[in-house]
Structure formats: C-alpha cells, structure tokens
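Trainee: One structure follows; several queries about it will come next.
Just so it is clear, none of the values below were taken in a lab; they were calculated from the coordinates. Note that the structure is predicted; figures quoted are calculated from it, not measured. Every residue, glycine among them, receives a Cβ derived from its backbone with ideal geometry; neighbour counts consider all protein chains shown.
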Amino acid sequence: MSRFCRSVWNFVTSRNVAVVLLIVVTVMLAVGAILPNPVFLTEGKKIEMKITSPALFWLGERFNSQRIASGRVFGFIGIFLILSTALCSIDRLITKRQARSGTLFTFPDVTSQIAESDYVPAIKSTSLEDAVRAWFKQHKWRVESQESVAKKIIVGCKGNAGFWGSIFFHFILITALMGLVIYYFGGYRATLGFTEGQSYRLEKDRLVHILEEPLWGLKLPEAEVGLVKQYSLYTEDDPLYPIEHVAVFRVNELRKGRSWDKEVRINDPLVIDGKKFLLQRGGFSPRITVKGEDRSVIFDSFVALRNERGTSDELSIEDENLHMEIKFYPDFIRNGKKYDTETLEVKNPFFSVSVYREDSLIFKGLLPIKKEESFEGNMITCPDVRRWVELELVGEPGIGFFFLVSFVGLIGILVRVIDPDERIYIILEEVKTGVNMTSYTYSKHFAGLIEDRRAELVEYIKIE
C-alpha cells in the first residue's frame, strides 16, 4: 500500500477523528437544543424576540436543532462516521488476524514502553517459562510463545471478549448512525391549515409550508380530514390565557372506507396511517366580504388571523390595490378610548378594520358582526366568524431507532471495559549463571493497572 493510501486509511480509521466528530455533533445538537426555534413561536413572540433579543433570534433561526439536523454538515458527518466505524472494525479484524500469524511478537508501541529487567541465577529458562505460564493460566490469560536461538518470548494476552465487545459496539454504532442518516434523508415536516367546517383530501398542494421533505418524496395518507370545531379551556381567574386547546377532527379514510372523530390536543396528536399531525396553534378566522360599487363580490373568504393570539392580521386584495389591517374582538369592551376584549370567547364580537389604497388610509371603523359599512362606494362586512388551527405533519424516522440501538451498544462498551486489551511480554535469555528476564507491557487504556499486573507476575516468578 502506498504512503498516500496508508495516510488516507489511517485518517479514515482514526479513533481520534471519530471522537472529534462525535464531540462536534454532540455540541452542535446541544447548542441547537438550547437555542429557541422561531418555527415554534407565535407571531407575537417572534416580534417580541426580534425587538428584545435580536442576536438570540438570529442565532435560533439559523442554528436551532431542527436546522442543524437537516443541514449538509450534519448529514456528511453521519455518513463519514458510518464509513469510519465500518473501516475501523475491518482494520481491527485484520490486525487480530495478523497477530495470530506472528505479528503479536513485533512488540506494538515498544518504543514507548519502559522495559524492566531481572536476573534470576542458577535456573533454566524452561523453569521460568513454566512459572510464567502458570501465572497466566491462573489469571485466565491466553499464552503465546516464540523461540529463537538466543532467547524465548512469551506473551500473555487478555481482552478477547473485550475485542469482540468493541466490534459489537462498532456494529451497533454503524446501525445507530444509519438511523441518523435515515432521519436526515427521510425526515419530513410540513404544516396544514383548517377552518371550522372545512374539510379536504390530504394532498401535497394542500400543504401550507413544507419545511423538510424526504429524498424520495412525501407520501400523504389517503384520507379526507375536516375540522369539526375548536375550543379552548380557561381558568376562571384568567379568561385570556387558555390552559388547553382542543380541536375535533373528522377523518374519512378513503381506502379503508371508515370515518371517525378525534379530539386533538397539544400532546395528543392526530395519527393517520402512522403519520402524526401535531396541533400547533390557532386563532379566529372571520369571513371578510368586500363588494364593489356594482355590488359584485370582490373578495369573500375566511381569513386566518395569526397575530396577537390569533386576533389580528393583514389582508391584501391585489386586484383592487387594497390593503387591510384587521383586529377581532371576540368579547368586545371599551377601556377608555381603547378597544379591548374581556375574554377570548365569542360573546360580543366586533372587528376593527383599516383600509388603505396605495399607503393612503381611506377607511377606518369598528363593525359588529354582520353589519355592512361603505367606503369609496364599496361595501365591507363580516358575516361569520369561525376558528382555525394549524397542524404540523412531523416524521422523524430513525431517531427512536438511533436511541434504542445506542442504548444496546452500551453492552459492548461494558464488555470492553471489563475485559480490556492487555499484554505482558516476557523475554527469557539464558546466560552462563542463570537467566536474564526482560518484561514489557502493553495496554491501550489502563497503563497503570497493567504495570501492577507486571509487578505481580515478576514477584510470583521469583517466589516460585
């Protein structure tokens, strides 16, 4: 193998490189988990954070865990770690095979080892060898020996179970990382909007936003879904901040030919054919009707109000060059000269509207539901108010598998720790008056413990 190829092989199979990348991934995910994700903030909270903490909002928008996990760097690291771990296992198997064929006696890392020499007078090397073998056998170490004209090398090895535990951990790690790669290429996240009374078949063009999509495309359940009603629960002391949101959906599974209702809550998603739809947010949806001078309908649609807890928003009618600012008061009260709502239940519904044409205010008024008002010969009214909700379609294939398999991989690490890779090298060389005995040790992780074992072995030999 050329020097360049050897360098590439050493880099790819390097444990240090893998450890550094794992640390990088962990830090990336930890930072991403700490930072706020603006996707899950209401419009009001987003505006507030932009004003009070613009730097934090900027960081959260670009480096939240969702953005990181779907980024190219995260995907590349996952693929590289799979390749590195697989090749590292192959490298270790090759090394073990070579050790069986004699490479074991080339004293790995011998230049970094400190040899200890002892002289044992008036004894044959065979007697010392018997004592060495007896100690290794007593401690359940595997013994290998090699003899030359001038000296004999005896190597005691342990860690065979730990070696296979390490290979098992590598296999588990590869499998777990495959789960991350599956998530990277197969994860999906999209949003759908529903107004009370609205139902439609789940199709891709019905999705409001597609934040993530699988590499092989997003397949939706064959079902028709409709929002029957939405309501919120409040405490008596605080009628403006709900303690729970409930949305009742009716699902018609077209292929199975069955229909059923489901109460969806924040922590109780709608599940259709294994796909989860999470209740994200909602608000009021007034039906805004605008008629022209000839009383022909210019605009007639429910408008989902997304700001200020679902009570305000803006609307543009481009064909007429009109822009509206709408504010809905479900339980209207006057607070001095200020308009307000006493509760978020529809008891005394009013809505205020400001109409602009080319940045010029042409109408501003407060209207009760179903009352018509005129501006520049046009008519505007709100004949009905319903509620709207947003569902988020979320799929994270491979994530649960990753954590489960990673937990199983701890067994391999435990076996590796209990039975680490250790060796003691004993070199026996006969002289006229006795035997010179030199010993080396090798341990990849527990250098202090192997030195204690060497001292114990030498003391045992001297006693014997």
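Trainee: Report, in deg cm²/dmol and to the nearest 500, the calculated mean residue ellipticity at 222 nm for the chain, where each DSSP H run with n ≥ 4 adds -39500 (n - 2.57) and the sum is divided by the residue count.
Mentor: On the way: 10 runs with 162 residues, N = 464.
Dividing the helical sum by the residues of the chain leaves -11500 deg cm²/dmol.
Trainee: For the pairs K204/K276; K432/K462; K291/K338; K137/K462; K46/K276, note any where the Cα-Cα span goes beyond 27 Å.
Mentor: On the way: K204/K276 16 Å; K432/K462 19 Å; K291/K338 29 Å; K137/K462 17 Å; K46/K276 25 Å.
Cα-Cα > 27 Å for K291/K338; rest within.
Trainee: Sorting check: for 154-163, 340-349, which peptide has the highest mean count of neighbouring beta carbons within 10 Å, and how do the rest follow? It would help to have the intermediate numbers written out before the result.
Mentor: Values: 154-163: 20.0, 340-349: 16.1.
Order by mean packing, descending: 154-163, 340-349.
Trainee: Given a cut-off of under 8 Å on Cα pairs at least six residues apart, what relative contact order in percent is computed for the stretch 284-386?
Mentor: Working: 226 pairs, mean separation 27.9, N = 103.
It comes to 27 percent, rounded to a whole number.
Trainee: Taking Rh as the Kirkwood radius computed over C-alpha pairs, what is the Stokes-Einstein D of the chain at 20 °C in a medium of viscosity 1.002 mPa s, expressed in µm² per second?
Mentor: On the way: Rh = 29.0 Å.
Translational D for this selection: 74 µm²/s.
Trainee: To continue, here is another question. Which helices, counted as full DSSP H runs in the chain, have an axial Cα extent of no less than 30 Å and a Kyte-Doolittle average of -0.5 or above?
Mentor: Details: long enough: 72-100 (42 Å, 0.82); 160-186 (38 Å, 1.47).
Going by DSSP H runs, the hits are 72-100, 160-186.
Trainee: Can I ask one more? Averaging sequence separations of C-alpha pairs under 8 Å and six or more residues apart, then dividing by the length of the chain, give the relative contact order as a whole percent. Don't skip to the answer; put the middle values down first.
Mentor: Working: 837 pairs, mean separation 91.0, N = 464.
For the chain, the relative contact order is 20 percent.
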